[in-house]
1. Go over the candidates Leu146, Leu135, Leu127, Leu121 one by one and state the one that is among the hydrophobic types (A, V, I, L, M, F, W, C), farther than 20 Å from Arg76 by Cα and either at pLDDT 95 or above or not in a helix (DSSP H, G or I) (or both).
2. Does Arg76 satisfy the criteria of being over 29 Å from Ala177 (Cβ atoms) and either under 13 Å from the mean Cα position of the chain (by Cα) or basic (Lys, Arg) (or both)?
3. I need the full set of residues from the range 75-100 which are among the hydrophobic types (A, V, I, L, M, F, W, C), free of Cβ contacts under 8 Å to residues at least 60 places away in the same chain and within 11 Å of the ligand (Cβ to nearest atom), in order please.
4. Checking Arg123 against (1) basic (Lys, Arg); (2) within 13 Å of the ligand (Cβ to nearest atom); (3) more than 18 Å from Met164 (Cα to Cα): exactly one of these is not met. Which one?
5. For the range 122-169, how many residues meet the condition of being in contact (Cβ under 8 Å) with a residue 40 or more places away in the chain, more than 15 Å from Ser102 (Cβ to Cβ) and of a type in the set (Val, Ile, Thr)?
6. Consider Phe31 against the criteria (1) assigned to a helix (DSSP H, G or I); (2) of a type in the set (Phe, Trp, Tyr); (3) within 16 Å of the ligand (Cβ to nearest atom): it satisfies all of them except one. Which criterion is unmet?
7. Which one of these is more than 24 Å from Ala204 (Cα to Cα), out of contact with any Asp or Glu (no Cβ under 8 Å at 6 or more places or on another chain) and exposed (fewer than 13 other Cβ atoms within 10 Å of the Cβ): Ala117, Ala80, Ala168, Ala158?
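The values are calculated or read from the model by the stated rules, or taken from the named source; none is laboratory data. Bear in mind the structure is a predicted one, so any value in this text is a computation, not a measurement. Ideal geometry is used to build each Cβ from the backbone, glycine not excepted, and the neighbour counts take in all protein chains shown.
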Amino acid sequence: MTIARPGLFITLEGGEGAGKSTAARGLASLFQAEGAEVILTREPGGTPGAEAIRALLLGDVPLDALAQTMLHFAARADHAQTVLRPALARGAVIICDRYYDSTMAYQAYGQGVPIEAVAALIRLVDLHPDITFLLDLPAATAEARLTSRASGSDRYEAMGRDFMARVAAGFQSIAAAAPGRFAVIDAAQSPEAVVFSMRAAIRARAGR
Ligand code: TMP
């Protein structure tokens, strides 16, 4: 059963270097300027507990892929219960940098965890975005952006080109299977054009 909620839950997805964080900040500024309460958050993370789990997930302690999957969902359950659901009930606009589609793309398509296992965890958390943007970037452009970044690589960035190609193909399949929820955005555009495209898609689909 779908429960009516006054808020708006927007998620941003894509591979590394697609500009999700910049786009999320730009979109948040637009909604704030319009007077909305905006929750700008990220996964894994968004609560003290989930941020602690993030440190474990992005660190280099060896972890089985199914264990990683369950940790992503442990962080997500805390985030959903303590931040996302209450914010949606208040009528806030949530802009979340990555959500459960990342687990499907990275852990199922990328690492080979069964799709049904991730789907079962998605059903368990049972909190679904109203609109999901897939920031789409050719692999070569993403790689060039990443090598120009100063920061070191985390567990997933270190998994290499073939892994990233599986993740990118996974995102395309996930988006194609849910066209009502997904909007694919050309991330090679300027940051301003990316934010403008997202704002227009939200107006067209969610009417606000
Ligand atoms: P980011 O904050 O730079 O996007 O880093 C998060 C990393 O974690 C990124 O490499 C994608 C990965 N990730 C997963 O593998 N599964 C997930 O469910 C999420 C949310 C992120």
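1. Numbers: Leu146 fails: either at pLDDT 95 or above or not in a helix (DSSP H, G or I) (or both); Leu127 fails: farther than 20 Å from Arg76 by Cα; Leu121 fails: farther than 20 Å from Arg76 by Cα.
So the residue among Leu146, Leu135, Leu127, Leu121 that is among the hydrophobic types (A, V, I, L, M, F, W, C), farther than 20 Å from Arg76 by Cα and either at pLDDT 95 or above or not in a helix (DSSP H, G or I) (or both) is Leu135.
2. It is false that Arg76 is over 29 Å from Ala177 (Cβ atoms) and either under 13 Å from the mean Cα position of the chain (by Cα) or basic (Lys, Arg) (or both).
3. Taking the range 75-100 as the starting set, the residues that turn out to be among the hydrophobic types (A, V, I, L, M, F, W, C) are 75, 77, 80, 83-84, 87-89, 92-96.
With free of Cβ contacts under 8 Å to residues at least 60 places away in the same chain added as a condition, the list becomes 75, 77, 80, 83.
Once the filter is applied, which keeps residues that are among the hydrophobic types (A, V, I, L, M, F, W, C), free of Cβ contacts under 8 Å to residues at least 60 places away in the same chain and within 11 Å of the ligand (Cβ to nearest atom), the range 75-100 yields only Ala75.
4. Every listed condition holds for Arg123 apart from (2).
5. Number satisfying all stated conditions: 2.
6. (3)
7. On the way: Ala117 fails: exposed (fewer than 13 other Cβ atoms within 10 Å of the Cβ); Ala80 fails: exposed (fewer than 13 other Cβ atoms within 10 Å of the Cβ); Ala168 fails: exposed (fewer than 13 other Cβ atoms within 10 Å of the Cβ).
None of the other options fit; the residue is Ala158.
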